[in-house]
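Any read-out appearing in this document is the output of simple, stated calculations on the displayed coordinates, not a laboratory observation. Quick caveat: nothing in here was measured; it's all calculated off a predicted structure. In this analysis, Cβ positions are derived from the backbone assuming ideal geometry, glycine residues included, and neighbour counts consider all displayed protein chains.
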Amino acid sequence: MTLLWDRDIDYRISSNYSEEKRTGWGLPGLYDGKGYGQFKNDVAEVIVESIRPIQESYEDIVKSVYLDDVLTEGASRASKKAAKTLHKVEFAMGLARC
């Protein structure tokens, strides 16, 4: 099932329902007598399928060598900057060895 949002802002669930029922009654007609639980499950399925490409991209990035390279470079730059700052603080406190 797929939740669609057309230009008329009419929510519909595409499934084995007839075209007449989908367009004639809209979303309330599809869930008439089914209860809120079925609606929640269908909405959850649509959301999961909608964000699946984002999840796949995230997994590709997390598993990539590129991310490791970026993190290593960032850690190196941060360490150099922190060392300079620490030296300035130690000097200001009279603890630095010139």
> When the chain is fully extended, how far beyond the present Cα-Cα distance does residue 96 get from residue 48, taking 0.36 nm per residue of separation?
Replying inline: 11.6 nm
> Classify the stretch 47-91: rounded, prolate or oblate, from the alpha-carbon gyration tensor (a ≥ b ≥ c, eigenvalue square roots; a/c under 1.5 rounded; otherwise prolate if a/b is larger than b/c)?
Replying inline: prolate
>> Give me 86, 30 sorted ascending by neighbouring Cβ count inside 10 Å, so fewest comes first.
In response: 86, 30
>> Straight-line reach from residue 34: which lysines fall under 19 Å, measuring Cα to Cα and dropping same-chain residues less than 8 apart?
In response: 21
